[in-house]
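Undergrad: After the structure tokens below, expect a handful of questions from me.
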Amino acid sequence: MPCSGRGVQKTVPAECGRKGNIMNRKVLLILADGFRPDALSACRHPFAQSLLEMGSYCLDTRTVYPSVTLPCHMSLFHSVSTDRHGILTNTFVPMARPVSGLCEQLAAEEKTCAFFYDWEELRDLTRPGSLAYSYYVSGNRMTHARADRMVTENALEFLEKEQPDFAFVYLGLTDHVGHSSGWMEPEYLEACRQSLDETQQLVERFREDYTIFFTADHGGHGRNHGSAEDCDMKIPLICIGPDFTPGPMDSAPNIMDLAPTITRLMGVRAASEWEGQSLV
């Protein structure tokens, strides 16, 4: 399903999350690794259609090349291309010219950030001191299906009690099964259904308190990804909250647009080096 538009900002009253003309939302970002846009319909999860109906969405959102997990996450959180941040594989290398990331920008304005993840390499997405809370469990040691459930359970409990300003929930099962069984194979679609189970719990519990984004880092084909082909480069993006009009977007965003969108929603300045554009 192609997108036909960018998310449209709504006019909302001050009591709905603005301080004067400055937005002051809380944001929950849910990312299912390797979740292809066409898997939303193909996996036949009943919540998939509900998710689309709740938010402004684009199933032709573009990621960055190479379409590999760590490079894509670095571009998401730092809003620059892979050429700029220099991470081209799943091995972290410090940037020659550092770019302030999303969590650094938020922490500088006293916003609390929390991470929940089960792929250890994501520890390098933020600099020391920028996270108020971090929960990690090894998908390789605990099984990826169990690790995703543990990530979700911990996120539900922590957000309920502490209400951080920004929370990132990473679900790794879909990518793991894509590599082991093949993208769009029955086992992969079952993994997508579990990811939507986890997403449904988070959305239904926190929809009234948080602006919520559901997305992926890349797609996949066969048992791999990383190419510039559409099957690897297209990702879903669903934006749920009072600043987004439900329905398809007018044009395809890029994964680099997420960080400036989140900072704008939270009333925080984007870093001057960022290349993405806010969707609100």
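Undergrad: Checking Gln201 against (1) surrounded by fewer than 16 Cβ atoms within 10 Å (Cβ to Cβ); (2) outside any loop (DSSP other than H, G, I, E, B), only one condition comes out false. Which one?
TA: Gln201 satisfies all of (1) surrounded by fewer than 16 Cβ atoms within 10 Å (Cβ to Cβ); (2) outside any loop (DSSP other than H, G, I, E, B) except (1).
Undergrad: I'd like the full set of residues that are outside any helix (DSSP H, G or I), buried (at least 24 other Cβ atoms within 10 Å of the Cβ), touching a Cys at 6+ places or on another chain (Cβ under 8 Å) and of a type in the set (A, V, I, L, M), limited to region 217-270.
TA: Leu237, Met249
Undergrad: With the requirement that a residue be at pLDDT 55 or above, of a type in the set (A, V, I, L, M) and touching a strand residue (DSSP E or B) at 6+ places or on another chain (Cβ under 8 Å), what does region 5-49 give you?
TA: Listed by number, the residues that qualify are Val27, Leu28, Leu29, Ile30, Leu31, Ala32, Leu40.
Undergrad: Can you find a residue that is of a type in the set (Gly, Ala, Ser) and over 18 Å from Leu28 (Cα atoms) anywhere in region 124-133?
TA: Yes, region 124-133 contains a residue that is of a type in the set (Gly, Ala, Ser) and over 18 Å from Leu28 (Cα atoms).
Undergrad: Ok, one more. Might you let me know whether region 77-93 holds any residue that is within 26 Å of Gln201 (Cα to Cα) and either out of contact with any strand residue (DSSP E or B) (no Cβ under 9 Å at 6 or more places or on another chain) or crowded, with 16+ Cβ neighbours inside 10 Å (or both)? Can you show your working first?
TA: We begin by selecting, within region 77-93, every residue within 26 Å of Gln201 (Cα to Cα); these are 77.
If we keep only those that are either out of contact with any strand residue (DSSP E or B) (no Cβ under 9 Å at 6 or more places or on another chain) or crowded, with 16+ Cβ neighbours inside 10 Å (or both) too, we end up with 77.
Within region 77-93, one or more residues are within 26 Å of Gln201 (Cα to Cα) and either out of contact with any strand residue (DSSP E or B) (no Cβ under 9 Å at 6 or more places or on another chain) or crowded, with 16+ Cβ neighbours inside 10 Å (or both).
Undergrad: Also: Can you tell me how many residues in region 157-167 are surrounded by 16 or more Cβ atoms within 10 Å (Cβ to Cβ) and out of contact with any Lys or Arg (no Cβ under 7 Å at 6 or more places or on another chain)?
TA: Just the residues of region 157-167 that are surrounded by 16 or more Cβ atoms within 10 Å (Cβ to Cβ), to begin with: 158-159, 164-167.
Pick out the ones that are also out of contact with any Lys or Arg (no Cβ under 7 Å at 6 or more places or on another chain) and you get 158-159, 164, 167.
Of the residues in region 157-167, 4 are surrounded by 16 or more Cβ atoms within 10 Å (Cβ to Cβ) and out of contact with any Lys or Arg (no Cβ under 7 Å at 6 or more places or on another chain).
Undergrad: Another question, if that's okay. Could you please tell me which pairs satisfy a Cβ distance under 8 Å, a separation of 6+ or placement on different chains, a first residue in region 81-97 that is within 13 Å of Pro66 (Cα to Cα) and at pLDDT 90 or above, and a second residue that is among the hydroxyl-bearing types (Ser, Thr, Tyr) and surrounded by 12 or more Cβ atoms within 10 Å (Cβ to Cβ)?
TA: Ser81/Ser75; Thr82/Tyr65; Thr82/Ser75; His85/Ser75; Leu88/Thr82; Asn90/Thr69
Undergrad: What are the pairs with Cβ atoms under 8 angstrom where one residue, in region 222-245, is polar (S, T, N, Q) and at pLDDT 95 or above and the other, located anywhere, is surrounded by fewer than 23 Cβ atoms within 10 Å (Cβ to Cβ) and assigned to a strand (DSSP E or B)? Sequence gap at least six, or different chains.
TA: As it stands, the answer is Ser227/His221, since those pairs meet every condition given.
Undergrad: Condition first: in a loop (DSSP other than H, G, I, E, B), buried (at least 21 other Cβ atoms within 10 Å of the Cβ) and out of contact with any strand residue (DSSP E or B) (no Cβ under 8 Å at 6 or more places or on another chain). Can you find one or more residues in region 50-65 that meet it?
TA: No, region 50-65 contains no residue that is in a loop (DSSP other than H, G, I, E, B), buried (at least 21 other Cβ atoms within 10 Å of the Cβ) and out of contact with any strand residue (DSSP E or B) (no Cβ under 8 Å at 6 or more places or on another chain).
Undergrad: Search region 99-120 for residues being aliphatic (A, V, I, L, M) and over 17 Å from the mean Cα position of the chain (by Cα), and hand back the single one that is nearest to Val151 (Cα to Cα). Break it down into steps so the answer makes sense when it comes.
TA: Let us first name the residues in region 99-120 that are aliphatic (A, V, I, L, M), namely 99, 102, 106-108, 114.
Subset that is over 17 Å from the mean Cα position of the chain (by Cα): 99, 107-108.
On the way: Val99: 28, Ala107: 22, Ala108: 26 Å.
Going through the qualifying residues, I end up with Ala107.
Undergrad: Related question: Go through region 123-155 and give me each residue that's under 17 Å from Thr112 (Cβ atoms) and within 19 Å of the chain's Cα centre (by Cα).
TA: Just the residues of region 123-155 that are under 17 Å from Thr112 (Cβ atoms), to begin with: 125-135, 154-155.
Once the filter is applied, which keeps residues that are under 17 Å from Thr112 (Cβ atoms) and within 19 Å of the chain's Cα centre (by Cα), region 123-155 yields Leu125, Thr126, Arg127, Ser130, Leu131, Ala132, Tyr133, Ser134, Tyr135, Asn154, Ala155.
Undergrad: Within region 187-215, how many residues turn out to be over 13 Å from Asp148 (Cβ atoms), touching a residue at least 12 places away in the same chain (Cβ under 8 Å) and not polar (S, T, N, Q)?
TA: Number of matching residues: 11.
Matching residues to (1) of a type in the set (A, V, I, L, M, F, W, C); (2) surrounded by fewer than 22 Cβ atoms within 10 Å (Cβ to Cβ):
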position	(1), (2)
Phe116	yes, no
Glu121	no, yes
Ala145	yes, yes
Ala155	yes, no
Tyr170	no, no
Val177	yes, no
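The values are calculated or read from the model by the stated rules, or taken from the named source; none is laboratory data. All of these numbers come straight from a predicted model, not from anything done at the bench. Methodologically, a virtual Cβ is constructed for each residue, glycine included, from the backbone with ideal geometry; neighbour enumeration extends over all protein chains shown.
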